[in-house]
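Take a look at the structure set out below.
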Amino acid sequence: MDAERSALTTLCQEFDALISETGLHSAQRQELLERIVAEARARHPVLSLLSQLLNTDRETTLRTLATGLPGAGPGTAREEAFRCPDGACDRTAVPPPAGAIPRCAVLGRLMERR
């Protein structure tokens, strides 16, 4: 299968889950996803944009897409620890695997992965 077609297939299969996952991230990543969606709808190439979203080179993106988009498809959740979003305190939070990202009680911002 052609690399661009494969990328579009994976994007289509996991689109709703990817939207949900990206919504937990920065505005910049959300804007990149909107651009990917616009390009996909216009039937323009999306592989390089998916590489930007995943922070990988083209070949790594192709290998990643062969197993699905991270955070978007089925898999085994692992435990993650989160820390203060601006480093002002030493709080650490460990939500249940695949649970919601905890928020800073003071700022209301999402905590950062450790």
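In a fully extended conformation the segment linking Val106 and Ala27 would gain 26.3 nm over its present Cα-Cα distance, using 0.36 nm per residue.
For Cα Rg over 2.2 N^0.38 Å, the candidate list reads [x] 1.19; [y] 1.38; [z] 1.03; the entry that matches the value derived from this model is [x]. Modelled this way, with points 7 Å down the Cα-to-C-beta line, the labels at Glu4 and Thr56 are 2.0 nm from one another.
Annotation for Phe15 and Cys89: the two label points, set 7 Å from Cα along the Cα-Cβ direction, are 4.2 nm apart. Computed on protein heavy atoms with a 1.4 Å probe, the accessible areas place Val37, Val94 in the order Val94, Val37, largest first. Protein heavy-atom surface of the chain, 1.4 angstrom probe: 50% of the accessible area is carbon and sulfur, with nucleic acids and ligands not counted. Per residue, the accessible area of the stretch 10-57 comes to 60 Å² when a 1.4 Å probe rolls over the protein heavy atoms.
The values are calculated or read from the model by the stated rules, or taken from the named source; none is laboratory data. These numbers were taken from a predicted model, which means no experiment stands behind them. Cβ atoms come from the backbone with ideal geometry, glycine included; neighbour counts cover every protein chain shown. We work out accessible area using only protein heavy atoms, side chains counted, and drop any ligands, DNA or RNA first. Shrake-Rupley method; radii C 1.70, N 1.55, O 1.52, S 1.80 Å.
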